[in-house]
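In what follows, a structure is listed as structure tokens, so that the remarks can point back to it.
The values are calculated or read from the model by the stated rules, or taken from the named source; none is laboratory data. These numbers were taken from a predicted model, which means no experiment stands behind them. Note that each Cβ is placed from the backbone with ideal geometry, even for glycine, and that neighbours are counted across all protein chains shown. Areas reflect the complete protein model, heavy atoms only, side chains present, ligands, DNA and RNA absent. Shrake-Rupley method; radii C 1.70, N 1.55, O 1.52, S 1.80 Å.
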Amino acid sequence: MNNTNAQLIAPASDPAPARNAVLRVPPASPAAAAAYFGASLAFHADVSDVASALAGDADPGFVVIDTRSTASWDQGHVPGAVHLPTALIPEQAEALLDKTVPVVAYCWGPGCNGATRAALALAQQGFQVKEMLGGFEYWVREGFGFETWEGRERRDADPLTAPVDAEDCGC
């Protein structure tokens with residue numbers, strides 16, 4: 001390893017080895033962290049923030065799209081969402097969506113990158129887009145109502161994903 005690479009791994013003022021795996025790579029500078037986390041908020045939306053905006057009486061200023069298959073859509077989807085599977089975005093997005101209205105895309109959950117692929121496809125077509133973190137899984141786990149081919153449903157919030165005795169988590 002040359003001297004330049006060593007400087008990137010550990011600050012010059014702290015030549016001692018890291019105490020643990022968390023600090024093996026030192027934290028970014030506050031300025032770099034602010035830029036990264038600020039950018040992250042421009043690309044992602046929280047499930048509870050989306051639900052709150054949709055629950056209001058006013059136009060939320062964005063449209064939600066479900067990027068999953070028809071079978072997945074029928075199993076359950078966010079009320080009011082537009083069904084636009086990722087594979088159909090290139091041929092159908094411009095007919096279904098308005099480029100002046102931001103889009104919030106979701107898929108199954110945090111273990112699926114379908115919404116990321118959909119957001120990329122939408123951005124490449126000129127849409128402003130955010131990915132809804134947690135996807136449909138966390139929508140349901142946080143206790144928000146959803147629609148299936150049989151009608152509306154709602155499940156109790158999972159106490160590991162949403163506060164049990166409060167309206168918001170405080171974050």
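If you scan region 72-120, which residues turn out to be within 15 Å of the chain's Cα centre (by Cα) and not in a loop (DSSP other than H, G, I, E, B)? Scanning region 72-120 gives Val103, Val104, Ala105, Tyr106, Gly114, Ala115, Thr116, Arg117, Ala118, Ala119, Leu120. Is one or more of the residues making up region 134-143 small (Gly, Ala, Ser), under 15 Å from the mean Cα position of the chain (by Cα) and open to solvent by less than 20 Å² (accessible area, probe 1.4 Å)? Yes, because at least one residue in region 134-143 is small (Gly, Ala, Ser), under 15 Å from the mean Cα position of the chain (by Cα) and open to solvent by less than 20 Å² (accessible area, probe 1.4 Å).
Residue-by-condition table, conditions (1) exposed (fewer than 13 other Cβ atoms within 10 Å of the Cβ); (2) at pLDDT below 95:
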| position | (1), (2) |
| --- | --- |
| Val63 | no, no |
| Ala71 | yes, no |
| Val101 | no, no |
| Cys112 | no, yes |
| Arg117 | no, no |
| Gln125 | no, no |
| Ala162 | no, yes |
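Of the residues making up region 43-55, none is open to solvent by 70 Å² or more (accessible area, probe 1.4 Å), without any contact (Cβ under 8 Å) to a residue 60 or more places away in the chain and over 20 Å from Asp168 (Cβ atoms). Among the residues of region 145-160, those that are open to solvent by less than 100 Å² (accessible area, probe 1.4 Å), touching a residue at least 60 places away in the same chain (Cβ under 8 Å) and not hydroxyl-bearing (Ser, Thr, Tyr) comprise Gly145, Phe146, Glu147, Glu153.
The rows are residues; the columns are (1) modelled with pLDDT of 95 or more; (2) farther than 25 Å from Arg117 by Cα; (3) part of a helix (DSSP H, G or I).
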{"residue": "Gln7", "(1), (2), (3)": "no, yes, yes"}
{"residue": "Ala12", "(1), (2), (3)": "no, yes, no"}
{"residue": "Ala16", "(1), (2), (3)": "no, yes, no"}
{"residue": "Arg19", "(1), (2), (3)": "no, yes, no"}
{"residue": "Pro26", "(1), (2), (3)": "no, yes, no"}
{"residue": "Ala32", "(1), (2), (3)": "yes, yes, yes"}
{"residue": "Tyr36", "(1), (2), (3)": "yes, no, yes"}
{"residue": "Ala42", "(1), (2), (3)": "yes, no, yes"}
{"residue": "Val50", "(1), (2), (3)": "yes, no, yes"}
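Of the residues making up region 73-92, those that are crowded, with 21+ Cβ neighbours inside 10 Å and without any contact (Cβ under 8 Å) to a residue 60 or more places away in the chain number 4.
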